[in-house]
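Here the structure is laid out as structure tokens; the discussion comes afterwards.
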Amino acid sequence: MTATILVVEDEHAVARGIEYALAQEGYAVTVARSGEEGLEYASHQAPDLVVLDVRLPGMDGFEVLRRLRGTGAKMPVLVLTARDDEVDKVIGLELGADDYLTKPFGLRELMSRIRALLRRAYGDLANAAGGRVIRHRDLVIDLERRRVQRGGRRIGLTPTEFEILRHLASRPGRVYSRGELLELLRDYEALDQDEKTINVHVSHLREKIEDDPSQPVFVLTVRGAGYAFADR
Ligand code: CA
């Protein structure tokens, strides 16, 4: 599993060092230079882990973490602090940080913390067993962790895209009309939208999971009826 990691840090040298060390370990890394940028990315791309500096221009790390947890995001977050009073705040406020390191820290220490957090949070997705994982070709849908992989690579889906995929893939070959999918999604999030919205979400979903979205092999269009996940 190639874990995706977001580093939120405005100090160029620190960010570069962390980015380099993570890339050496084989992680896919994205760097955000401000709290706002980090929050935006973390909320929409759902990285596997976030390294979050407390001191950022504008929205600070505490606020980013508070808002991120407010969206229901559960990925591990490792907070970088500069002083003891920030450590106290990380612990005392119970903002949902999973670990922290005080600057200056060694990159080796950071890597070992990150490995431990990833292991604790995800184990090895490829080995996940039981009915909570749906596989078709090289697509792996982990229903419990709400994660999708293709060919060992993590695919970041929005909650709506995941729900559509989950419903379709849970019953391969079963055709769902757009209205039906919309009803199912209404239970999940307040979608005050019409059936065309489903087409847009399916189109985004295909762009992420299909090799050629115009020739889908997973999420199929059933003309005049709706969508179905490919039957074996
Ligand atoms: Ca900083």
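The values are calculated or read from the model by the stated rules, or taken from the named source; none is laboratory data. Keep in mind that what you see is a predicted model, and the values were worked out from it rather than measured. As a convention, Cβ positions derive from the backbone with ideal geometry for all residues, glycine included, and neighbour counts pool all protein chains shown. For accessibility, only protein heavy atoms count, side chains too; no ligands or nucleic acids. Shrake-Rupley method; radii C 1.70, N 1.55, O 1.52, S 1.80 Å.
Can you tell me which residue among Val31, Val77, Val14 is within 15 Å of the ligand (Cβ to nearest atom), outside the structural domain of Thr160 (by TED's automatic domain parsing) and crowded, with 20+ Cβ neighbours inside 10 Å? So that I can check it myself, show each step before the final result.
Working: Val77 fails: within 15 Å of the ligand (Cβ to nearest atom); Val14 fails: crowded, with 20+ Cβ neighbours inside 10 Å.
The match here is Val31.
Exactly one residue out of Val202, Val217 is closer than 29 Å to Tyr122 by Cα and not in a helix (DSSP H, G or I), and it is Val217.
Can Glu36 be described as open to solvent by 10 Å² or more (accessible area, probe 1.4 Å), at pLDDT 90 or above and under 13 Å from the mean Cα position of the chain (by Cα)? Step through it out loud before you land on a result.
Details: open to solvent by 10 Å² or more (accessible area, probe 1.4 Å): yes; at pLDDT 90 or above: yes; under 13 Å from the mean Cα position of the chain (by Cα): no.
When the stated conditions are applied, Glu36 does not pass them.
Considering the conditions (1) modelled with pLDDT of 85 or more; (2) more than 25 Å from Leu205 (Cα to Cα); (3) not aliphatic (A, V, I, L, M), Asp84 is excluded by exactly one of them, (1).
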